[in-house]
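S.K.: Below is a structure I'd like to ask you about.
Only the coordinates and a few stated rules stand behind these numbers; no lab work does. Nothing here was measured: the structure is a model prediction, and the numbers come from that model. A quick note on method: Cβ atoms are made from the backbone with ideal geometry, for glycine too, and the neighbour counts reach across all protein chains shown.
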Amino acid sequence: MHSAITRARWPSTESVAKALGATGTTIDTFVQLIEETGRSAIKKTVPLIGLAQAGKEGYFDHSGFPTSQGWEEIRFPAVNDEHAYALEISGDSMAPAYPEGTVIIVSPAASIRRGDRVVVKTSDNDVMVQELRRRTAKTVELRSINPAHGERTLPVRDVLWIARIVWASQ
């Protein structure tokens, strides 16, 4: 007989964000609670702009890293990516997953795989939040975060960069 091995799992970032929202707790307070020392692990700020601004010239370099101009700063637990940044969602085009006001943390250095939620910038300067369905040598297949919108396939040559969403407030 084969016995089942149970492994401890970390909750998803979306689950943590929902719990923080329901309790009115800040991420700083939450991190203090889980740190052994009781001191805050918030040592870093990340740049923040609205998603609607992200397609405009001057906010990202050619690699998808934020430039230093025009960004606000927010405190966030240290992420293992010096180029991580935050985008604030406006409007309801990504509801229910990301309602208006949601802040997403994006890590250009994080590895990306099928099913990940990502930020994509196209050669038309469109910056969009999508789910990665599939990436081949010739195409990038994306699914909208909002189920009311369809899927999209882009030629690789039209995609300037893709970066993974590693956290979302709710």
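S.K.: Given the peptides 48-58, 146-156, arrange them by the average over their residues of other C-beta atoms within 10 Å, most packed first.
M.R.: Details: 48-58: 14.8, 146-156: 11.8.
Going by the mean number of other Cβ atoms within 10 Å, highest first, we get 48-58, 146-156.
S.K.: Apply 1/(1 + (r/R0)^6) to the Cβ-Cβ distance of THR45 and ARG114, taking R0 = 25 Å, and write down the FRET efficiency to the nearest 0.05. Intermediate values should be presented prior to the final figure.
M.R.: Details: r = 32 Å, r/R0 = 1.26.
My answer for the efficiency is 0.20.
S.K.: Tell me, what is the FRET efficiency for GLU73 and SER123 to the nearest 0.05, using R0 = 25 angstrom and their Cβ-Cβ distance as r?
M.R.: On the way: r = 29 Å, r/R0 = 1.17.
Using R0 = 25 Å, I get an efficiency of 0.30.
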